[in-house]
Structure formats: structure tokens, C-alpha cells
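J.: Below is one structure. I have some questions about it.
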Amino acid sequence: MRRRPWLVMLPTGLAAPRLAAAQPAERRRRIAVIISSAEGDPDAIGRAAALREGLRALGWMEGRNLQVTYRWGAGDVARAEAHARDLVAMAPEVIVSNGTPQLAALMRHNRHIPVVFVVVVDPVGAGFVQSMARPGGHVTGFATYEPELGGKWLALLREFDPRLRRVAIVGDQEFRGFAGLSARILARAPALGLAATDLPFRSPGEVVEDRLAAFAREGGAGMIVLPTALNLLARTRLIGAAAHARMPAIYPFRPFVESGGLMSYGFEPLDLFRRAAAYVDRILRGERAADLAVQLPTRFEFLINLQAARTLRREFPGMLVAAADEVIE
């Protein structure tokens, strides 16, 4: 006798749910990103996009396995404080913090959430980390400037205008990192035959244009714009004031020259945002911020704007044109 084999049939309505349950949805990790520029500013859009690009390359996708909360305009000190309180209360797993004022606010309000900072001047001198190699605590990231760059800015200004005698250093010297940068410029200027002076600019409500106009009236004047978040937010005002006073100025990075500024020398910020993604990835995978060394820029660029020079009724010397990484017409 041939026996028919037993066929075990499951109701079709039961099999599918069990298979689906065996493949749970991917967990979304939560991070926060604070950008110093205003929302909608091309610079802010570019910085956020560079970070997302770096995260995607490491397998982190918004809406799939990553939830990102954004805050903008942190160059304003009052807004930086509000952002810090708000996001610490939300308790993300990592905060990416752009700019010195925002990091200072987070240090006051946050005791345990890991922070990856981007574009912060002299984090050791400012007291944000213990050392570059071993930051300690819950904060690490990507610093921007060493004080020696102050001498480079002075030299470029002097090369553009050999008649220069006086230089205003525009920024918020109350922050320790910027104070160190300003101090190096003040110390280096006499060797180049220049007198440098601090010109404070600490809040958006200050009429910095009047101060710059008064400084320029004595003649032989130039301007160094420090890499503060507020200066970036107010770049059109600073560029306009320099043009109105026919005063040569050097700025810390590309967006100033793209907005009509004369020239810039500094790090490439988008590169730092892409590199910051690697630290976010490592912290989300279990490493401690305290064990991740603070890194410095590896890419610098010198940009000049020929139209801005013509507005000043000047021309760039051939040596500066040849040295420029990019010439904007």
C-alpha cells in the first residue's frame, strides 16, 4: 500500500504576520544639529548638507535609521542659550554644535550628552577641552584656527595695500578663543609697521557700521574680521561698511568673499562638517567623546574678489592673484 505523505497546511492568514515579526524595523538614533548661520542662509544650507553627506557615507540616513533635530542662527548669543536649554531637555544621543557661542552655552547647560563641535577657535584656551589629544569630559570635535593665522591675515592686507598703517580687529574678544587670536594679531602688527586695535562687535543690535566709519576716517585703515558666528551672520553689514569707507578688509572664509568681500584666507568649513560625521558615527557606535582627539583643519583656501577691489578703486597685485585658489570676477 502506498501511503500518501502528510502535508501540513497553515492558514494563509497566519504565516505572513510571523514572517514580518521576524524582521523588526531598524531603530532610529537621535541627534541634534545646531548651525551658527540663519535658516535659509546658503552657508547654513551648505554646512548641514555636508554633514548629511558624511553621515550617509557611513550608513546613517535621515528618516530610516537617524532622526535629526535642527536649530539655526546660533551666532546670536541669546539664541544660542535658548537652543542649548531646548535641546538638552530633548536629550538627543549626540549634539553637533557649530560655533563658539553655541558651545559655550552647551557647556553651561549640558553635563552628559556627547557634543561634537565644529568651527570653534582654540578649544583648549577657551576651556572647552583639557587637551587636543585627550579632550576629556563629553566634548570633542574640530577646531578651526591657530593664533599664527593672525600674522597671515596682516601680511595679506599689507601686500594688498602697502600704505596701510592701522588695522581694526572686528569680533567678540570676550570669548577666550577669540581673545587669543586677537592677541596674536596685536603682537604681530608692529613688526609689519602696523598699529592694530580691537573693535568689539558682540550683538546684532550694535551699530558696528558707525564704529568702522569713524575708524576709517583717520586714513590708512584696514580691517580684519574674526571668525565669529555673529560676524558670519552680519557679513553683508560688515562688507557694506568696508566698501562705504573704502577700507580693505580680509575675512576668515569663503562666504564673505562670495557675498562681496575683498578677500579671505582660512579653512574650508564644509570639509570639517563632512569629517564631523565620522565622530558622530563613532559615538553612536559606543565610543566616548573623551577618547576622540580634537582635530584641526587640513584644507585652507585663499579667495579674492576683483570687483570688490574695483569698488575700492584698487587692483590686486599680481602676486596675490597668482597665489589665489579662486578669483571671483
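The values are calculated or read from the model by the stated rules, or taken from the named source; none is laboratory data. Computed from a prediction, not measured in an experiment: that's the story for all the values here. Here Cβ is always computed from backbone atoms with ideal geometry, including for glycine, and neighbour counts include all displayed protein chains.
J.: Would you point out the residue of segment 259-271, among those that are modelled with pLDDT of 95 or more and not hydroxyl-bearing (Ser, Thr, Tyr), that is surrounded by the fewest Cβ atoms within 10 Å (Cβ to Cβ)?
T.: Gly260
J.: Next up: Among (1) touching a strand residue (DSSP E or B) at 6+ places or on another chain (Cβ under 7 Å); (2) under 26 Å from Leu233 (Cα atoms), where does Glu53 come up short?
T.: Of the numbered conditions (1) touching a strand residue (DSSP E or B) at 6+ places or on another chain (Cβ under 7 Å); (2) under 26 Å from Leu233 (Cα atoms), the odd one out for Glu53 is (1).
J.: Hey, another quick one. Answer with yes or no whether Pro200 is without any contact (Cβ under 8 Å) to a residue 12 or more places away in the chain and surrounded by fewer than 24 Cβ atoms within 10 Å (Cβ to Cβ).
T.: For Pro200, the condition - without any contact (Cβ under 8 Å) to a residue 12 or more places away in the chain and surrounded by fewer than 24 Cβ atoms within 10 Å (Cβ to Cβ) - is not met.
J.: On the given criteria, is Val119 under 17 Å from the mean Cα position of the chain (by Cα), part of a strand (DSSP E or B) and closer than 16 Å to Gly177 by Cα?
T.: Criteria met by Val119.
J.: Shifting gears a bit: Collect the residues in segment 137-161 that are modelled with pLDDT under 95 and of a type outside the set (Gly, Ala, Ser), keeping them in residue-number order.
T.: Result: Thr144, Tyr145, Glu146, Pro147, Glu148, Leu149, Lys152.
J.: Mind listing just one residue for me: the one in segment 283-311 that is assigned to a loop (DSSP other than H, G, I, E, B), at pLDDT 95 or above and on the phi < 0 side of the Ramachandran plot and, of those, surrounded by the fewest Cβ atoms within 10 Å (Cβ to Cβ)?
T.: Arg285
J.: Inspect all residues belonging to segment 87-98 and state whether any of them is surrounded by fewer than 16 Cβ atoms within 10 Å (Cβ to Cβ) and under 22 Å from Gly266 (Cα atoms).
T.: No.
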